[in-house]
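Only one structure is covered here, and it is reproduced in the block below.
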Amino acid sequence: MTANSIRRLGSIALLLLGACYTTSFRTGVPADGQVRQVRGDFFVWGYFGEKTVRLSELCPYGPSRWDTSQTGLDTLIAVLTLGIYVPRHVQVRCAAQSGEEHR
């Protein structure tokens with residue numbers, strides 16, 4: 001492997017790792033241990049597409065926390081499709097019932 005090839009692979013790896021993100025929202029309510037995953041499909045580098053996640057339908061006592069993210073694999077898919085398709089994920093941690101707390 002030449003030095004040029006190594007630089008190219010390193011650049012690609014940095015691009016993919018640098019394109020990951022997670023945004024978290026916390027309610028302050030204790031979690032009960034249930035975790036739900038939802039995927040959203042977006043297009044043209046994420047400019048088009050919409051995903052509505054009804055937190056009350058996923059968690060009977062509401063959410064404790066939810067995160068939106070784009071993983072390295074999601075970024076790779078976006079790059080391979082030239083930005084035509086961009087998957088993103090929502091992870092919801094459900095709140096515990098009043099007086100009940102599992103960790």
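Remark on the chain: Cys20 stand apart, with no other cysteine beta carbon under 4.7 Å.
By how many nm would the segment from Ala3 to Leu82 grow when fully extended, if each residue of separation counts as 0.36 nm and the alpha-carbon distance is taken off? Walk me through the numbers before you get to the answer.
Values: separation 79, 0.36 × 79 = 28.44 nm, distance 2.68 nm.
Gain in length upon complete extension: 25.8 nm.
Here the sum of -39500 (n - 2.57) over DSSP H runs of 4 or more residues, divided by the residues of the chain, equals -8000 deg cm²/dmol at 222 nm, to the nearest 500. Calculate, for Phe43 and Ser11, the FRET efficiency according to 1/(1 + (r/R0)^6) with r their C-beta to C-beta distance and R0 22 Å; round to the nearest 0.05. Efficiency for this residue pair is about 0.25.
Our summary of shape: the Cα atoms of the chain have principal axis extents of 62, 30, 16 Å, ordered from largest down, in whole angstrom.
Test of understanding: what is the full-extension gain from Glu50 to Cys20, defined as 0.36 nm times their sequence separation minus their Cα-Cα distance? Could the numbers behind the result be given before it?
Details: separation 30, 0.36 × 30 = 10.80 nm, distance 1.93 nm.
Between Glu50 and Cys20, full extension yields an extra 8.9 nm.
Excluding Cys59 itself, calculate the net charge of residues whose Cβ lies under 11 Å from the Cβ of Cys59, where each Lys or Arg counts +1 and each Asp or Glu counts -1. Walk me through the numbers on the way to the answer.
On the way: positive: Arg36, Arg54, Arg65, Arg93; negative: Asp32, Glu57.
Every neighbour counted, the sum reads +2.
Looking at segment 28-86, the pairs of alpha carbons with a distance over 13 Å make up 67% of the total.
Against the main long axis of the alpha-carbon atoms of the chain, helix 3-18 sits at an angle near 20°.
Readers should treat all values here as calculations from the given coordinates under stated rules, not as data from a laboratory. Given the structure is predicted, the values throughout are model-derived calculations rather than measurements. Cβ coordinates were reconstructed from backbone atoms using ideal geometry, including for glycine residues, and neighbour counts include every protein chain displayed.
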